4 protein chains.
Amino acid sequence: MKDFGRVCCLKFTESPRPAWVKRDKLVSDMSTKKELLQAPIQHIDIKQHNVVALVDAMKSMAYSSRDLARAADIYEMMLRDTECGVILCLAGSLISAGLQKVIVDLVRHNMVDAIVSTGANIVDQDFFEALGFKHYIAGDEYKYGAGDADLRELMIDRIYDTFIDEEELRICDETTEKIINSLEPRAYSSRELIAEMGKYLSENGRTPKAGEADSIVLACYEKNVPIFCPAFSDCSFGFGIVAHQHARKGKTMVSIDSGKDFYELTQLKIANPTTGLLMIGGGVPKNFAQDIVVAADILGVEASMHKYAIQITVADSRDGALSGSTLKEASSWGKVDLTFEQMVFAEATIAFPLIAGYAFHKGAYEARSEKKFSEVLMEPIAV
Amino acid sequence: MKDFGRVCCLKFTESPRPAWVKRDKLVSDMSTKKELLQAPIQHIDIKQHNVVALVDAMKSMAYSSRDLARAADIYEMMLRDTECGVILCLAGSLISAGLQKVIVDLVRHNMVDAIVSTGANIVDQDFFEALGFKHYIAGDEYKYGAGDADLRELMIDRIYDTFIDEEELRICDETTEKIINSLEPRAYSSRELIAEMGKYLSENGRTPKAGEADSIVLACYEKNVPIFCPAFSDCSFGFGIVAHQHARKGKTMVSIDSGKDFYELTQLKIANPTTGLLMIGGGVPKNFAQDIVVAADILGVEASMHKYAIQITVADSRDGALSGSTLKEASSWGKVDLTFEQMVFAEATIAFPLIAGYAFHKGAYEARSEKKFSEVLMEPIAV
Amino acid sequence: MKDFGRVCCLKFTESPRPAWVKRDKLVSDMSTKKELLQAPIQHIDIKQHNVVALVDAMKSMAYSSRDLARAADIYEMMLRDTECGVILCLAGSLISAGLQKVIVDLVRHNMVDAIVSTGANIVDQDFFEALGFKHYIAGDEYKYGAGDADLRELMIDRIYDTFIDEEELRICDETTEKIINSLEPRAYSSRELIAEMGKYLSENGRTPKAGEADSIVLACYEKNVPIFCPAFSDCSFGFGIVAHQHARKGKTMVSIDSGKDFYELTQLKIANPTTGLLMIGGGVPKNFAQDIVVAADILGVEASMHKYAIQITVADSRDGALSGSTLKEASSWGKVDLTFEQMVFAEATIAFPLIAGYAFHKGAYEARSEKKFSEVLMEPIAV
Amino acid sequence: MKDFGRVCCLKFTESPRPAWVKRDKLVSDMSTKKELLQAPIQHIDIKQHNVVALVDAMKSMAYSSRDLARAADIYEMMLRDTECGVILCLAGSLISAGLQKVIVDLVRHNMVDAIVSTGANIVDQDFFEALGFKHYIAGDEYKYGAGDADLRELMIDRIYDTFIDEEELRICDETTEKIINSLEPRAYSSRELIAEMGKYLSENGRTPKAGEADSIVLACYEKNVPIFCPAFSDCSFGFGIVAHQHARKGKTMVSIDSGKDFYELTQLKIANPTTGLLMIGGGVPKNFAQDIVVAADILGVEASMHKYAIQITVADSRDGALSGSTLKEASSWGKVDLTFEQMVFAEATIAFPLIAGYAFHKGAYEARSEKKFSEVLMEPIAV
């Protein structure tokens, strides 16, 4: 039974002219929430844009274009190496920015075998849209904070140039709590909990078959692609778990075991030694996915380094933080092989559709079958 | 009983001339691990440098200097507002870079009441040094990866311009496992586990009293300052937990409950409504600490926004990622008040000693008493 | 008569596999100059890539993709506004990076009416290639300086990931000197001198008609598009002028009057009041082109601000420098109108082909005729 | 005779509390120009802040702090190498940001022998302040452009977080025109013209002796330190020259010969072979000063590379532009020696006072005598 009654009646009429055209009125004149939440973010469909010739042309240029083309080539290599398990790492607000469909398409075409992500991408953004909600285009005049006090009063949250209805986000929080409350009290990996979210969508008709939009959580649930969020309380799911644990104080309760996350991802590395990393942004997902090479070693399995690794980021390397650290640096730690690695200095909304679209239109996935890593985790691993 | 036999005999003789002086020989000529791990990183002591006049002069300049001076002023305000609980957020490799003593000094002088950090800062770097190990200065010629293949063979890990002995890091991993194995099997918050690490140091004589170096983990343990690592398996502790869970397969085991982390930090917000954020870098710590305002709301407590917030970062805001998102943006989410917030575009090794040193030498902490937040968490919270 | 004897016999055989594939051997094993200068940079041809649907899809995304799409839209608007004179500003090493043909195509299709550039793009890179020389793809292993000492011995210059034959560059220097020596001694604007370079190419058969590659200098010469380099001694032409002035010491000589540059560009603003700026990078070209609004005012002509302005840059705005300063800031100076301005945070080799290609394939130029601004400057301007 | 009547009656009463304290009122409520131009930028005095111990402590840290400390050390080395001619390169809005006095102090203490700069620093900012005008602190709420339309109406120009009175700037433009009009018509190097500006200040009583503020233009004039602006029409002086050339149309006139600039700076390199570069920002000054090594070579003099080179910048290297290109890259061009070079990734208002202050308080200049390079240029050079 669906229970989206509160919001399912929302209808988004798209304005005939592009939403980003500057409005004449000042930020301070803005009136209603409805006016501000008019033009939804629309997810780019890489299947519609054959960028192969464009990216191939970039191979003989310089700077970011050449790096991007090389990264696209390495992603294609990963896919043609059918032994390779492709781990997609997501950091930054990517789904809200229009990249949801790219990732859904990669999952549906067996181009991704596991995902490591920040919680916000998976819960606050992807699962949120799966519940029927949208992200909205914010006018340029909001980008630098000029209207934030007003937005707060309207319960509109802002991500740079994008708006979210905080009231809808609260429904998302409540839905995660409802799912948690339905579970047997014990320690879960985030992977298990996200699979429950996928099951929820499936059972509640939030599926393409039922006429609803597709989502990463659903696609991964159906394709047995595990999703890990190593800091899983740091998102909408965290609000659900806090409410749950508060209500269950003194009783048995659901907990999120980030140790189990690490153990499970390490098991996948052991079960499928050849791996490649396709990283958007840095942060915890980058570090976490790189570290499983060492973790396998600690379990007594001599694991090979990640054979392929590409990262799209604008982070600087000069502050020493991991997000912008080069993949060469990771090779000193024995995590990433030096042969097929490429950093791409570019913002993801431009670079990721080109890289993913290139690999898609080269058809590299066609000889590939699904790895069903979620099923691997249900069987005992011989270490 | 101490058990650092394998390494405690290391003696670091500092070279008479600065370690960063360029060596004549090529990267490819490098010989031994011992030669490379010669000059240890030394932690800056803000107590020795009265920067008040310097920072005051920056108040009437422009760009980052003025922003830095304003941030220093806001930190001082936080401290003079004795109701305010100061939450220090740490992301990026800060301890390895020479900032350990700054943080220890803030903790020891009641200038920080809770810490939210990436795991690497707390375990791989601070606890690692507490075990007697060091980080080392790497020559400029290693910064961009020219020697990484050789480093891997020598088991030397690199963080930009800093070296770590991977063999020593493995001892750190093993120590975390030993601590985990000594605990009663159940779900723990990272805060509880880090307190156990502090206890371990205290009981094993890794203390200033015993002639050893001070550390953040120890100082916080002694001062009842809680430390949270929301992605706690994503560090050396993760290797310990994986080993533990692997060995305990099928039995009761220790797990890391990131939900409990979030619940606990939220309880602190409820118990101490006035809060200020002192953030180095972005990532999970920034988001996590900001989100407790909303979490308190979900528990039915109308929590005030963080009254003060400063962040030091070089992250760009234009990719939409949280790390570089402005504090104004956080105010649209109802998380941070607009009145006393300041972003400082600067690399932390330069900016943090100036900001912390300013507040220290202004003596703002003198009228302040310790909040002992760890004790608060041991009592039932009335929500 | 051509006089490129020393180098015209060079034949570039392209390797069958992409040049950027990592070579197994170390930087230090490199052998000959010939081996290193094998794979030439090839200029992307926007006419071959219809990116309209791709860029249109970006309009409903977020961050840089949406900004890029808006910039493409504004460039199209500039072109459809047939009154508008389009001023292209170039900073950064763009021609060496594979963007020469994009600019040649814009000039040939009446999509650019004047150019303001750093000298390097025009002389060291475009004119250099017009003389029959090439830029070469450097392996990733050279990007961070690991091989620079060796390169210097081989007389190979490096621009990040690109190589140049210093011996060929010296021929370019000598050619500028030859052109200067052929001129009547007086003060010239850079525009006049660059037109002489175009004439030189035309008269020496360095033209597509003669089977040679096209170039910006030639195309602008033929299309009467003026090119200004406000710091014209700061490039290969500077070496020519130094040699010339040294040889002519005590006699009348050619001089480069940067005052005349500014006066001429201001006259164009007065003659054609509606203007748009298409800026790649910042630096002197950005400031110079913006300032003509004020200069016209000083000549007593109430000039309108630049009606359209877009800039592609990765420069940060937080250091206060002009290169990364927002176009909103320029509006406080009365230089740029606020209505149609867009900054695009992206590296030019990716973003510029998309923006230029979008406008090209939308056919916006078709209703446009050439403005022949060089001819305007030959007539007296009524101020 | 002074002629600053229009503005010399301005008195700046500083507000008792720091100007950057956020005002409660909105940007849109702002009232008068006088209210906005209240708190002048005040130039930091490095002589008051002994940072030697602080910077020495940074030598054993990591990232930017260690780089900064090494740069400070290299600057000290330059000064102790009494053969070395120190060339200071300035790009970015530095004088408006509070760095004027740092540079004046370096000049007065023989710590700088020549300056290469953007025009804005020298004319619009330093000479402007020498005329008795000030730059003003802008509130944080203006940083991102929220008030730019209002500012334009008030004739207030904005540089990020700094305000300038456009009416005062027009007086500066007019003063340059007056100086130009007083000169014999011929081609001048920017160095000659800036010396005329120094003479103007000296003769009109804009000197410390006369109770006025010191300035870079004046100090360099008095100390025979040449200042070069390779794009000299790209600043307030350009407005003067345009007005002059317009008025003198058809007659002999003053012109700015950027070729002569390059020739003169090259002569200095030949006369004083050992050189060091102290660069703030990149752009034309960086390239121009580096190129004189090649120019000397072209004049038949085998010039040594710059022996020392340090650069403070936040520019990214990944877009291939010169501003962020590493000094290692410059070494492939044979311009900069590899032994004593250091890039510092930091914003100049923080980093430059520390580096300059370190060298000052180490007293490295004491054994140094002034080089009077301006006098060198008045004598014939034997090449």
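Readers should treat all values here as calculations from the given coordinates under stated rules, not as data from a laboratory. Please read all numbers here as calculations on a predicted model, not as lab measurements. Neighbour counts run over all protein chains shown; Cβ positions are idealised from the backbone, glycine included.
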Cα-based Rg / Dmax (Å) for region D:128-273
17.5, 52
Under 5 Å, built H, 5+ apart or other chain: amide partners of residue B:275
B:85, B:307, B:308
Antiparallel DSSP beta bridges within region B:235-383, as percent of all bridges there, nearest 5:
0 percent
Just need the relative contact order of region A:218-299 here, percent rounded to a whole number, with Cα pairs under 8 Å and 6+ apart.
30 percent
Quotient of C-alpha Rg and 2.2 N^0.38 Å, computed over region A:291-383
1.33
Net charge near residue A:84 (other residues with Cβ under 10 Å of its Cβ; Lys, Arg +1; Asp, Glu -1) is +1
Using a label position 7 Å from Cα in the Cα→Cβ direction, what is the ascending list of nm distances from residue B:34 to the same site in the other copies?
4.8, 7.7, 7.9
Explain nothing, just compute: Karplus ³J(HN,Hα) = 6.51 cos²θ - 1.76 cosθ + 1.60, θ = phi - 60°, for every residue of region C:49-56 in order, whole Hz, x for Gly and Pro.
10, 7, 9, 4, 5, 4, 5, 4
Can you compute the modelled spin-label distance between residue C:80 and residue C:199, with each label point 7 Å from Cα toward Cβ, in nm?
4.1 nm
How large is log10 I(q)/I(0) at q = 0.14, 0.27, 0.28, 0.29 Å⁻¹ when the Debye formula is applied to the Cα atoms of region A:51-101, each weighted equally and without solvent?
-0.51, -0.98, -0.97, -0.97
Taking the alpha-carbon distance from residue D:209 and a cut-off under 17 Å, which aspartates and glutamates remain once sequence neighbours fewer than 8 residues away in the same chain are dropped?
D:105, D:129, D:222
What FRET efficiency, computed as 1/(1 + (r/R0)^6) with R0 = 22 Å and r the Cβ-Cβ distance, is obtained for residue C:210 and residue C:372, rounded to the nearest 0.05?
0.40
If you put a point 7 Å past Cα along the Cβ direction, how far is that point for residue A:83 from the same point in each other copy, in nm, smallest first?
5.9, 6.5, 6.8
For region B:72-190, what is the percent of antiparallel DSSP beta bridges, rounded to the nearest 5?
60 percent
Other-chain or far-sequence residues with amide H under 5 Å of residue C:41's (modelled H)
C:135, C:136, C:137
So which lysines pass the test for residue C:260, namely a Cα distance under 17 Å, with those fewer than 8 places away in the same chain ruled out?
C:269, D:249, D:251, D:260
Taking Cα atoms only, Rg over Rh for the protein assembly as shown with Rh from the Kirkwood formula is 0.95
Setting aside same-chain residues fewer than 8 positions from residue C:362, which lysines have a Cα under 18 Å from its Cα?
C:47, C:59
Amide H proximity to residue C:188 below 5 Å, modelled H, separation 5+ or other chain, gives C:255, C:256, C:257
How much net charge surrounds residue D:126 when only other residues with a Cβ under 11 Å from its Cβ are counted (Lys, Arg +1; Asp, Glu -1)?
-2
Would you please calculate the Kirkwood hydrodynamic radius of region C:59-139 over all C-alpha pairs and express it in Å, rounded to one decimal?
14.5 Å
Per q in 0.11, 0.21, 0.23 Å⁻¹, report the Debye log10 I(q)/I(0) for region C:229-347, using one uniform scatterer on each alpha carbon and no solvent.
-0.46, -1.12, -1.24
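How much of the DSSP beta bridge set in the protein assembly as shown is antiparallel, as a percent to the nearest 5? Walk me through the numbers on the way to the answer.
On the way: 30 of 134 bridges.
About 20 percent, rounded to the nearest 5.
Span-like helices, chain C: DSSP H, alpha-carbon axial extent 15 Å or more, mean Kyte-Doolittle -0.5 or greater, which ones?
Values: long enough: C:63-80 (26 Å, -0.38); C:166-181 (22 Å, -0.91); C:190-203 (19 Å, -0.46); C:236-247 (17 Å, 0.53); C:258-271 (20 Å, -0.34); C:283-298 (23 Å, 0.62); C:348-361 (18 Å, 1.31).
Going by DSSP H runs, the hits are C:63-80, C:190-203, C:236-247, C:258-271, C:283-298, C:348-361.
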Residue of chain C whose Cβ sits closest to the axis mapping C onto B, with distance in whole Å:
C:144, 2
Rounded to the nearest 500, what is the 222 nm mean residue ellipticity of chain B from helices alone, with -39500 (n - 2.57) per DSSP H run of 4+ residues and division by all residues?
-11500 deg cm²/dmol
In nm, one decimal, shortest first: how far is the label point of residue B:170 (7 Å from Cα along Cα to beta carbon) from the matching points in the other copies?
5.4, 5.5, 7.6
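Between rounded, prolate and oblate, where does chain A land on the alpha carbon gyration tensor, with a ≥ b ≥ c its root eigenvalues, rounded for a/c under 1.5, else prolate if a/b exceeds b/c?
oblate
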Any idea how far apart residue B:301 and residue C:48 come out in nm if each label point goes 7 Å out from Cα toward Cβ?
6.4 nm
The summed charge of the residue C:251 Cβ neighbourhood (under 13 Å; Lys/Arg +1, Asp/Glu -1) stands at +2
Which value, in Å³ per residue, describes the convex hull spanned by the Cα atoms of region B:262-332?
83 Å³
Take B:109, D:135 and order them by how many other Cβ atoms sit within 10 Å, fewest up front.
B:109, D:135
For residue D:150 and residue A:251, FRET efficiency with R0 = 51 Å and r from the beta-carbon atoms, rounded to 0.05?
0.30
Taking the Cβ of each residue in C:77, D:61 as the centre, tally the other Cβ atoms inside 10 Å and list the residues starting with the fewest.
C:77, D:61
